[in-house]
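**Q** Pasting in a structure now, in structure tokens, and then I'll have a few things to ask.
What follows draws every value from the coordinates through simple rules; no lab data is involved. Remember, predicted model here, so these are calculated numbers, not experimental data. Neighbour counts are summed over all protein chains in view; Cβ atoms, including those assigned to glycine, are modelled from backbone coordinates with ideal geometry.
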Amino acid sequence: MSENDESNAYWSANVRLIQISLIVWALVSFGFGIILRPMLSGISVGGADLGFWFAQQGSILVFLVLIFFYAWRMNKLDVEHGVEEE
Amino acid sequence: MDQFTLNLLFVGASFALYIGIAIWARAGSTSEFYAAGRGVHPVTNGMATAADWMSAASFISMAGLIAFTGYDNSSFLMGWTGGYVLLALLLAPYLRKFGKFTVSEFIGDRFYSPTARLVAVICLLVASITYVIGQMQGVGIAFGRFLEIDAFWGLLIGACVVFAYAVFGGMKGVTYTQVAQYCVLITAYTIPAVFISLQLTGTPIPALGLFGEHTASGEPLLAKLDAIVTDLGFKEYTAAHGSTINMVLFTLSLMIGTAGLPHVIMRFFTVPKVSDARWSAGWTLVFIALLYLTAPAVGAMARLNISDLMWPNGTGGEAVSVEQIETDPEYAWMATWQKTGLLDWEDKNGDGKIQYYNDANADLQAKAAEKGWQGNELTKFNRDILVLANPEIASLPGWVIGLVAAGGLAAALSTAAGLLLAISSAVSHDLLKGQLTPNMSERNELLAARISMAAAIVVAVLLGLNPPGFAAQTVALAFGLAAASIFPALMMGIFSTRINNSGAVAGMLAGLVVTLLYIFLHKGWFFIPDTNSFTDADPLLGPVKSTSFGAIGALVNFIVAYVVSGMTKETPEHIKALVASVRVPRGAGAAVDGH
């Protein structure tokens, strides 16, 4: 039973991490890059605005950070919960 | 040495390199090509996956679509990179833990149903064949240009080369060949971009140059570009013009589709460990991002250069003369591209000059009436030629042009061949051997693989004669199909134990059918012209274009799967145990063949 609790705790920690990451993922692309762009139009970035920068550069950079952050955090979580590969 | 010989030299040398590496790497190991990724470092695997992934759509087509539309086509950039986040967080580690080789095997086992596996194979085939059509378009254009023939003949010659390349066998499986292809491709894409960025902005990094200062005018580059294109009656480059809903759905379709494409997912099955699957997705995106961060700069700068060439005295001055186009070496690229039938101009008003402007714009029509212009005289500019023509437009040295030709072919051929291999293994391995004729001999399996490869390429060429859009748009349709069918089944299979066999089958079928229907209604049945009932200019569902429907198809898939699962028998205990084991990394062995 305790092993079951442990793996449940591991899974819910993972799901929470995924949820947070996907909120950031959606915020930079669908948010800053598209829907919220009009609200950010006051912030100018080299001849265009912040929303344009997020749509063509920024979101890609954030995606990169997200994947590496998730991999690093999960590999630590594996060890904390004792489910890492032998 | 003339440009034609130089192009042949570069293309020939790059091919010799790939074949050389394939032979060298093969001599070392005879292990089956599925396992090519095993024991390979995540960085190397990431580079190979990036080459596999970046095709004619990314290399040849995408920057051109951005150049002529501007901000609205940012969806390609966000969509084709954001999908890797979904792949890394929602699929890759679990599919690696599951430890089989194909996507349809996972679906068949998780949903304990040969029917589910069969439906997955059908979804995979539909998406992959649509994808190949887009690749063949790119191959046709690249061959048309560097052999200086019509794009139609380029397509036929390209088809033969792709076929030979795919049949050559393990080519695709050899990770190091793909590493070489990635190097050729990224060098070919970056070098001209750096040159052009230096010319226009003095910054060697194109992604920074895009937001930098246009040296000649002292204004920000994008502001300058906005001013020029609006002067010519085109839509402002940096502004949004399309529907926001459509842009969100289109971006989402490309993202979900990326995470549902079998030939990409397959690469994560064979990394040594679950933790490596997580890193590997990150490294893949690093190598993809190198091209994707450069692409918007390539598009914007090319648009600026083209406008400058057509209006050498500024948009207020006189247009370029026909005589200059025909004699000035700076304009020589126009004559070469005219031979492919993808670029054309016509002096409609006979004033000896070629006026390039938007003749559908009311302000410009007034100006045209005043100046005696009789319509836009740059009559044809296929978006797909932009990247290949870019170094010539910017008058870069001949070797850069040859390098770009080699890079474009590397991108198109590697992906086309990879897709053909995925199609043939789906038919021979999953469909025939796994379902219909389990006792088939290995010789016959190989024969069936070859025949299905040939059939797939014939279908792709036939459908590619009347492509439903520019290469990247055709490919976007394939992503919509993958998004609506494969991704939801995989995700639900991992994150929910509630979804059972009937739910998964009904969901996949519903997603595939509605999406295919929506595409055919807008693009014509089997893409045959004039058989469509709606157009993307005025779509059936409000602002939703056919390329954006994949996200809705995926939603239909999720809903149908939940409803049907709720009405039918619960998932058996041993499958719940399978799902539980997929969720933890511990105990992951090497991937094994299902047969």
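**Q** Tell me, which longest segment in chain B has none of the chymotrypsin sites (Phe, Trp or Tyr not before Pro) that fall in DSSP loops with at most 16 further Cβ atoms within 10 Å?
**A** Within chain B, the longest run free of exposed chymotrypsin sites (Phe, Trp or Tyr not before Pro) spans B:169-533.
**Q** Taking N as the number of residues in segment B:518-559, what is its Cα Rg relative to 2.2 N^0.38 Å?
**A** 1.18
**Q** To continue, here is another question. Separation of segment A:1-55 and segment B:379-415 by C-alpha centroid, Å?
**A** Answer, in whole Å: 36.
**Q** Take every Cα-Cα pair in segment A:1-46 and report what % of them are more than 15 Å apart.
**A** Beyond 15 Å sits 62 percent of the P(r) for segment A:1-46.
**Q** Based on the alpha-carbon set only, what is the convex hull volume of segment B:306-389 divided per residue, in Å³?
**A** With only Cα atoms used, segment B:306-389 gives 96 Å³ per residue.
**Q** Check which residues have an amide H placed less than 5 Å from B:GLU213's amide H, if you skip close sequence neighbours.
**A** B:LEU221
**Q** From Cα coordinates alone, what are the radius of gyration and Dmax values for the protein assembly as shown in angstrom?
**A** Cα-based Rg and Dmax for the protein assembly as shown come out at 25.1, 88 Å.
**Q** With unit charges on the beta carbons (Lys and Arg positive, Asp and Glu negative) and the dipole taken about the Cα centre of the protein assembly as shown, which residue among B:ALA57, B:SER280, B:GLN135 sits farthest to the positive side?
**A** B:SER280
**Q** Hey, got the dipole for segment A:2-78? About the Cα centre, +1 on K and R Cβ, -1 on D and E Cβ, debye to the nearest 20?
**A** 320
**Q** Just to confirm my numbers, what's the Cα centroid distance between segment B:289-327 and segment B:174-205 in Å?
**A** When both Cα centres are located, 20 Å separates them.
**Q** Okay, moving on. For segment B:301-418, with only Lys/Arg (+1) and Asp/Glu (-1) charged at the beta-carbon, what is the dipole magnitude about the Cα centre, in debye rounded to 20?
**A** So the magnitude is around 400 debye.
**Q** Same structure again: How big is the Rg/Rh ratio for segment B:457-550, C-alpha atoms only, Rh by Kirkwood, two decimals?
**A** Rounded to two decimals, Rg over Rh is 1.04.
**Q** Two decimals is fine: what's Rg over Rh for segment B:173-212, C-alpha atoms, Kirkwood radius as Rh?
**A** 1.22
**Q** With +1 assigned to the C-beta of every Lys and Arg and -1 to the C-beta of every Asp and Glu, and no other charges, what is the dipole magnitude of chain B about the Cα centre in debye, to the nearest 20?
**A** Here the size comes out at about 2860 debye.
**Q** Continuing with the same structure: So for segment B:325-451, taking the charge dipole from beta-carbon charges (+1 Lys/Arg, -1 Asp/Glu), which of B:VAL387, B:TYR357, B:ALA422 sits furthest toward the positive end?
**A** Farthest towards the positive pole: B:ALA422.
**Q** Also: Could you go through segment B:506-515 in sequence order and give the Karplus-derived ³J(HN,Hα) for each residue, using 6.51 cos²θ - 1.76 cosθ + 1.60 with θ = phi - 60°, rounded to whole Hz, and x for Gly and Pro?
**A** Listing the rounded values in order: 4, x, 4, 4, 4, x, 5, 5, 5, 5 Hz.
**Q** Would you mind pulling out the separation of the Cα centroids of segment B:436-485 and segment B:210-234, in Å?
**A** Value for the Cα centre distance between the two parts: 43 Å.
**Q** Classify segment B:319-451 as rounded, prolate or oblate from the Cα gyration tensor: take a ≥ b ≥ c as the square roots of its eigenvalues, call it rounded if a/c is under 1.5, otherwise prolate when a/b beats b/c and oblate if not.
**A** Taking the square roots of the gyration eigenvalues as a ≥ b ≥ c, segment B:319-451 is prolate.
**Q** When the Cα atoms of segment B:181-335 are enclosed in a convex hull and the volume is divided per residue, what value in Å³ results?
**A** 166
**Q** With the dipole of segment A:2-78 worked out from charges on the C-beta (+1 for Lys and Arg, -1 for Asp and Glu) around the Cα centre, which of A:VAL24, A:ALA13, A:ILE60 lies farthest toward the positive end?
**A** Result: A:ILE60.
**Q** Give the Debye-formula value of log10 I(q)/I(0) at each listed q (0.18, 0.27 Å⁻¹), with one equal scatterer per alpha carbon of segment A:2-78, two decimals each.
**A** The computed values of log10 I(q)/I(0) come out as -0.74, -1.14.
**Q** Using the Karplus curve 6.51 cos²θ - 1.76 cosθ + 1.60 with θ = phi - 60°, what ³J(HN,Hα) values do you get for each residue of segment B:311-322, in whole Hz, with x for Gly and Pro?
**A** So the J values, rounded to whole Hz, are 10, x, 9, x, 5, x, x, 7, 6, 5, 8, 4.
**Q** Once phi is turned into θ = phi - 60°, what whole-Hz ³J(HN,Hα) does the Karplus curve with 6.51, -1.76 and 1.60 give for every residue of segment B:481-496, x standing for Gly and Pro?
**A** Here the 3J(HN,Hα) series is 5, 5, 4, 6, 10, 7, 4, x, 4, 5, 5, 5, x, 8, 8, 9 Hz.
**Q** In segment B:1-154, how does Rg compare with the Kirkwood Rh, expressed as the Rg/Rh ratio over alpha carbon atoms?
**A** 1.02
**Q** Per DSSP H run of n ≥ 4, the term is -39500 (n - 2.57); total these for the protein assembly as shown, divide by its residue number, and report the mean residue ellipticity at 222 nm rounded to 500 deg cm²/dmol.
**A** My calculation for the protein assembly as shown gives -21000 deg cm²/dmol from helical runs alone.
**Q** If the viscosity is 1.002 mPa s and the temperature 20 °C, what Stokes-Einstein diffusion coefficient in µm²/s follows for chain B when Rh is the Kirkwood radius over Cα pairs?
**A** 86
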